[in-house]
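Here's the structure we're looking at; comments come further down.
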Amino acid sequence: MDAKTFTVVIPYYNEAGFLPQTLRSLLAQTRLPDQLILVDNGSTDGTEGLSRAVLEGCAIGEILFLRESRPGKIYALEAAGPHVSGGYVAFADADIQYPPRYLETAERLFRGARAGTAAVMALYLHGAAGDLPALAYRWAMPLLSRIFPTKCLTGGGGQVFRTDLFRKAGGFSAATWNFVLLDHEIMNRVLKLGKTRYHPDFWCRHTNRRGSRRAVRWNVWERFLYLYMPPAFLDWYFYRYLGPRLAKRRMTQLSLREQTWNRKVGAPN
């Protein structure tokens, strides 16, 4: 495994209207990934064929098309894990647009980071990066990360890890966590091994296509506890408090497959 190489992993389920645009944003990178892993989690809409057409003849060194029949994003991520060969691994979502310098910026942040940095975290934007609200958000979040250094402040589609530390933390595992908020749970384990870094120039554009996030998010009280929970008690919080509460509300990671938003929001331009 070359420490200077990048792997990008994209799990997907019925993303024909979105994944091709995401792939084009990756092909437009100033620093292309060295390895791209796409995991089809049971699609029935021809997403794989469209993806192959977009990627045909591209300059990415290795492209793997995997299939995982067990329904659920966590299983797709598990399937990708053994195939990751890059020194850094970026997890991408099928409906996120990545700006041209996304991987270049991630590489720069890792190289300029203090020893012990395990992950760099991209901020989710929903509009133009230069708009006033976006600028305020881009500068506020790195400051907030200093106030809450042991907490995850961005989603899974913006997480980039040092592969060795990601694996040492156990990677994505359905046996460990089979609920929503898997991006926060993995960070609970990774942050025991290193620090995270946020930067105003490291962002991606999310489609925000879900009409309601009620089925896939925690409530205000659970979020408040998470933010202010001392690090020594975070294992208790996730595995003995939050997990059982999510199970009772049937908020397993299968909730992420409920794509009712496709009837409300069209594919991005």
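Throughout, read-outs are computed from the coordinates displayed, never taken from laboratory work. Just so it is clear, the structure is predicted and the values come from calculations on it, not from any experiment. No Cβ is skipped: glycine too gets one built from the backbone with ideal geometry, and neighbour counts run over all protein chains shown.
Numbers for the structure displayed
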| quantity | calculated |
| --- | --- |
| Hits among aspartates and glutamates - C-alpha to C-alpha of LYS168 under 17 Å, sequence gap 8 or more where chains match | ASP2, GLU78, ASP183, GLU185, ASP235 |
| GNM top mover of PRO33, PRO231, PRO82 - the chain, alpha-carbon springs below 10 Å | PRO82 |
| Convex hull of segment 2-261 built on C-alpha atoms - directionally averaged projected area, nm² | 13.1 nm² |
| DSSP beta bridge pairing in segment 2-261, given as percent antiparallel to the nearest 5 | 30 percent |
| Leading residue at positive end of dipole, segment 102-151 (Cβ point charges), from PRO149, ALA106, TRP139 | PRO149 |
| Hits among aspartates and glutamates - C-alpha to C-alpha of LYS4 under 14 Å, sequence gap 8 or more where chains match | ASP34, GLU104, GLU107, ASP164 |
| Helix-only [θ]222 nm of the chain, DSSP H runs n ≥ 4, -39500 (n - 2.57) each, per residue, nearest 500 | -9000 deg cm²/dmol |
| Separation of alpha-carbon centers, segment 44-105 and segment 168-185, rounded to whole Å | 19 Å |
| Whole-number percent relative contact order across the chain, with pairs defined as alpha carbons under 8 Å at least 6 apart | 22 percent |
